Amino acid sequence: MERSSELDRIRIAIDGPAGAGKSSVARAIAEKLGILYLDTGAMYRAFAYYAENLAEAGEIDEEKAEELFRDFDLKFADGKVLLGDEDITQVIRTPRIDKAVSPYASNPFVRKQMVSLQRSIGQDTDIVMEGRDICTVVLKDSPYKFYLDASVEERARRRFLQNEQKGISEDMEAIKADIIRRDEADMNRQADPLRKAEDAIVVDSTDMSQEEVVDEIINKTLEIKNAL
Ligand code: CDP
């Protein structure tokens, strides 16, 4: 059967605060369903890395963002994030970029560009996208919307373990403080702030394994699809 109808597409949108496990969960869902995965946070992180390397640290106005964007050459290939020829997959996930990213992610010009890129990537394909404004802006017409949450203590604990695996040592209190700071920045910015979309299903993963979260989101998605 031809999959022409908009509703036949499965575009799963997942939003939530820092460190809720969106990336791992979204990647696993995409793998299980055999569909595309887009980590939109990686795009904002990549822009922060790029701008900081050009010594454009911190707040930039929209004009500056526009100028910088002209040579911003971001690609996703074979599960890697590339800036030009440079593999930046690992470096954008370090505490340095955790700390740098918020002002760039609040820049209206940067957001407009990213949203339009994200929409074009998801245009004709089944996809799982996760971030902060996926349910409210990027895929707001999708019926498959989720808000993945967890207590701040649990989110800090997960980020601590992730860092440990990568050989990064940052103490739990510093991680927790950074998570709280980024959540506040994301929830209180003018442009596309993080908030739960009215029709998003909340999944509180504090006491759930990754496997359980993945199954829950897939099951709800299939339930919604069958009810359409
Ligand atoms: O993995 P974690 O939850 O720590 O962060 P991320 O998803 O990689 O996103 C990094 C930062 O990018 C966030 O703190 C947001 O400021 C920003 N972001 C955003 O504004 N909109 C999105 N759709 C995705 C990320």
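The values are calculated or read from the model by the stated rules, or taken from the named source; none is laboratory data. The structure presented is a predicted model; accordingly, all values stated were derived computationally and were not measured. Positions of Cβ are generated from backbone atoms using ideal geometry, with glycine treated the same way; all protein chains shown enter the neighbour counts. With ligands, DNA and RNA removed, areas are computed over all heavy atoms of the protein, side chains included. Shrake-Rupley method; radii C 1.70, N 1.55, O 1.52, S 1.80 Å.
Here's the yes/no breakdown for (1) over 20 Å from ASP178 (Cβ atoms); (2) touching a helix residue (DSSP H, G or I) at 6+ places or on another chain (Cβ under 7 Å); (3) surrounded by fewer than 24 Cβ atoms within 10 Å (Cβ to Cβ); (4) not charged (D, E, K, R):
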residue: ILE12; (1), (2), (3), (4): yes, yes, no, yes
residue: ASP15; (1), (2), (3), (4): no, yes, no, no
residue: VAL25; (1), (2), (3), (4): yes, yes, no, yes
residue: ALA30; (1), (2), (3), (4): yes, no, yes, yes
residue: GLY34; (1), (2), (3), (4): yes, no, yes, yes
residue: ALA42; (1), (2), (3), (4): no, yes, yes, yes
residue: PHE47; (1), (2), (3), (4): no, yes, no, yes
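Note on the range 49-62: residues that are open to solvent by 80 Å² or more (accessible area, probe 1.4 Å), in contact with a helix residue (DSSP H, G or I) (Cβ under 8 Å, 6 or more places away or on another chain) and free of Cβ contacts under 8 Å to residues at least 40 places away in the same chain total 1.
Total residues in the range 88-111 satisfying the condition of being open to solvent by 10 Å² or more (accessible area, probe 1.4 Å), assigned to a loop (DSSP other than H, G, I, E, B) and more than 10 Å from the ligand (Cβ to nearest atom): the figure is 3.
Within the range 171-200, the set of residues being more than 13 Å from the ligand (Cβ to nearest atom) and open to solvent by 30 Å² or more (accessible area, probe 1.4 Å) comprises ASP171, MET172, GLU173, ALA174, ALA177, LYS196, GLU198, ASP199. Taken over the range 112-166, the residue count meeting the criterion of being assigned to a loop (DSSP other than H, G, I, E, B) and over 24 Å from PHE47 (Cα atoms) is 8.
Of all the criteria given as (1) open to solvent by 60 Å² or more (accessible area, probe 1.4 Å); (2) touching a residue at least 24 places away in the same chain (Cβ under 8 Å), the one not satisfied by SER120 is (2).
Within the range 54-93, the set of residues being under 16 Å from the mean Cα position of the chain (by Cα) and at positive phi comprises GLY79 only.
Cβ-Cβ contacts under 9 Å between residues 6 or more apart (or on different chains), taken from a first residue in the range 200-228 that is over 20 Å from GLY131 (Cα atoms) to a second residue that is aromatic (Phe, Trp, Tyr) and open to solvent by less than 40 Å² (accessible area, probe 1.4 Å), are listed as ILE224/TYR144; LYS225/TYR144.
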